[in-house]
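Just below is one structure, and these are the notes that go with it.
The values are calculated or read from the model by the stated rules, or taken from the named source; none is laboratory data. Values in this document were obtained by computation on a predicted structure and should not be read as measured data. Cβ placement follows ideal geometry from the backbone for every residue including glycine, while neighbour counts extend to all protein chains displayed.
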Amino acid sequence: MKLKKFEICMIAVTLALASFGFGYFVGQGRERHVINVEPVYHEETADRSAVLPVIDKDDNEDKVAAEDGLIDINKADKELLCTLDGIGEVLADRIIEYREDIGGFSDIEELMDVYGLGEKIFDRIKDSVTIR
């Protein structure tokens, strides 16, 4: 049975629409994240400093101890984790996500439970990380 070009195109379009429909309905049950874009102040407000975030200099000092240079894996952000040998952006995101899921690391060896971070990478970074 030989198919004509038109029939092949119709089959392709049908499959594409079916795939879209399946993906659309499967995604309906997922949690949606809504971002509120309304300003937190009124334009008439003269003092906008009251709504600006306060930046504490001590927050960044906790991420790396100046004395020993070790990175606290329970406080390090993505940028800091990427400075470790073998850790890129994707793996840094996974470390942060895993850390948030378990409520923080209790031992540095728990890093090996992160998907994609095996014994080889752990051996390269174990002397550069700590938990405080």
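Couple of notes before you dig in:
- Qualifying positions in region 83-132 - over 18 Å from residue 68 (Cβ atoms) and small (Gly, Ala, Ser): 86, 88, 92, 103, 104, 106, 116, 118
- Of the criteria (1) surrounded by fewer than 16 Cβ atoms within 10 Å (Cβ to Cβ); (2) in contact with a Leu (Cβ under 8 Å, 6 or more places away or on another chain); (3) within 15 Å of residue 72 (Cβ to Cβ), which one residue 131 fails: (2)
- Taken together, the criteria place residue 73 among residues that are modelled with pLDDT of 80 or more, touching a Phe, Trp or Tyr at 6+ places or on another chain (Cβ under 6 Å) and among the β-branched types (Val, Ile, Thr).
- Positions within region 84-109 being surrounded by fewer than 16 Cβ atoms within 10 Å (Cβ to Cβ) and among the charged types (D, E, K, R), in sequence order: 85, 89, 93, 97, 100, 101, 107, 109
- Residue that is farthest from residue 95 (Cα to Cα), among those in region 115-132 that are touching a strand residue (DSSP E or B) at 6+ places or on another chain (Cβ under 7 Å) and not small (Gly, Ala, Ser): 132
- Within region 111-132, the residues that satisfy the criterion of being part of a helix (DSSP H, G or I) and in contact (Cβ under 8 Å) with a residue 12 or more places away in the chain are 111, 113, 120, 121, 122, 124, 125.
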